[in-house]
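Student: After the structure tokens below, expect a handful of questions from me.
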Amino acid sequence: MKIYSIDPFLFELPKGHRFPLEKYRLLRRAVEAELVPPGVLCIPEAATDEALLLAHTPEYLARLVEGRLSEREVRRIGLPWSAELVERSRRSVGATLAASRSALQDGIAVSLSGGTHHACADHGQGFCVFNDAAVTLLALKADGRIQRAAVLDCDVHQGNGTAEILESDPALFTFSIHARNNFPFRKIPGDLDLALPDGLEDEAYLEILEEGVRRALSLANPDLVIYLAGADPFEGDRLGRLGLSMEGLFRRDRLVLEMCREDHIPVAVVMSGGYGRQISDTVAIHLQTVRTALDVWKKEQAIMET
């Protein structure tokens with residue numbers, strides 16, 4: 001199973017900024033310490049303009065690359081502009097695209113970044129510069145690698161940008177299970193949205209999720225799933241509003257992955273959001289997601305070898 005990392009590509013943040021950039025370095029270290037030997041992680045190519053323009057407008061891409069965004073647009077993204085930010089954002093899209101191609105071949109693959117689901121066609125927002133899932137599905141469809149696909153978005157925030165970009169293509173299905181009262185406050189409806197009340201805990205969440213994923217897979221009949229495994233439904237998340245435990249999030253990951261793989265649907269797993277009061281909690285949740293994906297993949301390999 002291939003795992004993609006963009007950790008070498010850094011950008012600067014002001015001291016005290018609430019975006020947890022450090023979690024990516026800590027996650028990469030944890031994956032190498034506990035799951036794979038150092039040097040095994042794959043570094044993706046940057047997404048090209050050609051790929052990005054499948055989902056984003058030429059005007060937005062040009063002004064972003066050239067550093068001509070207005071102050072209001074930069075504030076909307078929530079990250080200070082730099083050439084390094086643009087490069088890292090390209091690499092994040094490249095990681096989701098590479099992981100999706102690997103998943104089509106191997107069944108499951110993982111990006112240790114991605115899930116930037118608030119980026120819309122003509123602007124970024126909510127720490128999201130480009131929409132990696134939308135770019136990836138449009139690129140793979142244009143290349144003839146897939147005909148149908150689904151985004152299963154389990155980040156605590158609704159995937160408004162993905163819904164907006166993909167709404168005109170009925171073959172690309174968007175599912176989002178999220179906190180009703182959380183960002184973005186203007187939701188853009190996807191194909192199937194499940195809006196949850198504040199504080200919802202493990203059992204109720206998992207019951208709703210299972211029925212929702214079953215319905216989404218039935219409606220989408222996908223050749224590929226991109227799974228946004230956000231860590232922010234966690235009860236200790238600063239920007240969440242739900243009440244899932246780490247055990248509940250483990251069960252979530254296993255449920256989604258096993259339901260997809262039971263139907264032989266390839267899955268690309270991306271990390272999406274996570275803003276734990278303790279960054280170590282966020283890293284532990286993301287690491288658990290990678291471990292679960294690896295365990296599901298290994299079990300499949302063992303079955304194939306018998």
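Student: Give the cross-link partners of LYS23 among the aspartates and glutamates, using a straight C-alpha distance below 15 Å as the criterion and excluding same-chain residues fewer than 8 apart.
Tutor: Result set, ordered by chain and number: ASP7, GLU12, GLU32, ASP232, ASP237, ASP281.
Student: Over region 1-91, average the accessible area per residue using a 1.4 Å probe and give it in Å², no decimals.
Tutor: In whole numbers, region 1-91 has 56 Å² accessible per residue.
Student: Taking only C-alpha pairs under 8 Å that are 6+ residues apart, what is the relative contact order of region 81-178 in percent?
Tutor: Relative CO of region 81-178 lands at 24 percent.
Student: For an R0 of 22 angstrom, estimate the FRET efficiency from the Cβ-Cβ distance between ASP198 and ARG76 and round to the nearest 0.05.
Tutor: 0.30
Student: Ignoring everything except DSSP H segments at least 4 long, calculate the 222 nm mean residue ellipticity for the chain; use -39,500 (n - 2.57) per segment, divide by total residues, nearest 500.
Tutor: -14500 deg cm²/dmol
Student: When only the heavy atoms of the protein chains count and the probe is 1.4 Å, how do ARG18, ARG91 rank by accessible area, highest first?
Tutor: ARG18, ARG91
Student: Simple spin-label model, 7 Å along Cα-to-Cβ: ALA83 to PHE19 in nm?
Tutor: Taking the simple label geometry, ALA83 and PHE19 are separated by 1.8 nm.
Student: In region 166-306, what percent of the accessible surface is made up of carbon and sulfur (1.4 Å probe, ligands and nucleic acids excluded)?
Tutor: 50
Student: Taking amide H positions as placed in the peptide plane 1.01 Å from N, state which residues far from GLY78 in sequence (5 or more) or on other chains have amide H under 5 Å from it.
Tutor: Those lying under 5 Å, H to H, from GLY78 are PHE127.
Student: While we're here: Are there GluC sites (Glu not before Pro) in region 256-305 that DSSP puts in a loop and that have at most 13 other Cβ atoms within 10 Å, and which ones?
Tutor: Values: sites: GLU258, GLU262, GLU300, GLU305; in loops: none.
Passing both the DSSP loop test and the Cβ count: no residue.
Student: A further question follows. Between GLU59 and SER218, what is the label-to-label distance in nm when each label sits 7 Å out along the Cα-to-Cβ direction?
Tutor: Reported label-point gap for GLU59 and SER218 is 4.3 nm.
Student: Quick one: net charge around ASP7, please, counting Lys, Arg +1 and Asp, Glu -1 for every other residue with C-beta under 12 Å from its C-beta.
Tutor: +4
Student: If you don't mind, there's one more thing I want to ask. Going by Cα centres, region 262-293 and region 85-137 are how many Å apart?
Tutor: So the two Cα centres are separated by 15 Å.
Student: Next question. Around ARG148, which amide H atoms from residues at least 5 apart in sequence, or from another chain, sit under 5 Å from its own amide H, with H modelled in the peptide plane?
Tutor: Residues meeting the criterion, in which the H sits 1.01 Å from N, are ASP223.
Student: Further question on the same structure: Among LYS15/LYS141; LYS15/LYS299; LYS141/LYS298; LYS187/LYS299; LYS15/LYS298, which pairs are too far apart, with a Cα-Cα distance over 32 Å?
Tutor: LYS15/LYS141; LYS15/LYS299; LYS187/LYS299; LYS15/LYS298
Student: Quick check on region 180-306: take the gyration tensor over C-alpha atoms, sort the square-rooted eigenvalues as a ≥ b ≥ c, and tell me if it's rounded (a/c under 1.5), prolate or oblate.
Tutor: Cα axes put region 180-306 in the oblate bin.
Student: Let me ask something additional. Suppose a student asked you for the relative contact order of the chain, using Cα pairs under 8 Å spaced at least 6 residues apart; what percent would you report?
Tutor: Reported as a whole number, the value is 19 percent.
Student: How high is the FRET efficiency between SER245 and ASP49 when r is their beta carbon distance and R₀ equals 45 Å, given to the nearest 0.05? List each step's numbers first, then the result.
Tutor: Details: r = 43 Å, r/R0 = 0.95.
Given R0 = 45 Å and the Cβ-Cβ separation, E is 0.60.
Student: Taking every pair of distinct Cα atoms and averaging 1/r, then inverting, what Kirkwood hydrodynamic radius in Å comes out for region 67-183?
Tutor: 14.8
Student: Which order do peptides 209-218, 124-133 fall in by mean Cβ count within 10 Å, highest first?
Tutor: Answer by packing, highest mean first, reads 124-133, 209-218.
Student: To continue, here is another question. For semi-axes √(5λ) of the Cα gyration tensor in Å, one of [x] 43, 22, 20; [y] 42, 26, 17; [z] 25, 21, 21 was computed from the structure I shared and the rest are decoys. Which label?
Tutor: Matching the structure shown: [z].
The values are calculated or read from the model by the stated rules, or taken from the named source; none is laboratory data. Predicted, not measured: the structure shown is a model, and the values here were computed from it. As a convention, Cβ positions derive from the backbone with ideal geometry for all residues, glycine included, and neighbour counts pool all protein chains shown. Areas reflect the complete protein model, heavy atoms only, side chains present, ligands, DNA and RNA absent. Shrake-Rupley method; radii C 1.70, N 1.55, O 1.52, S 1.80 Å.
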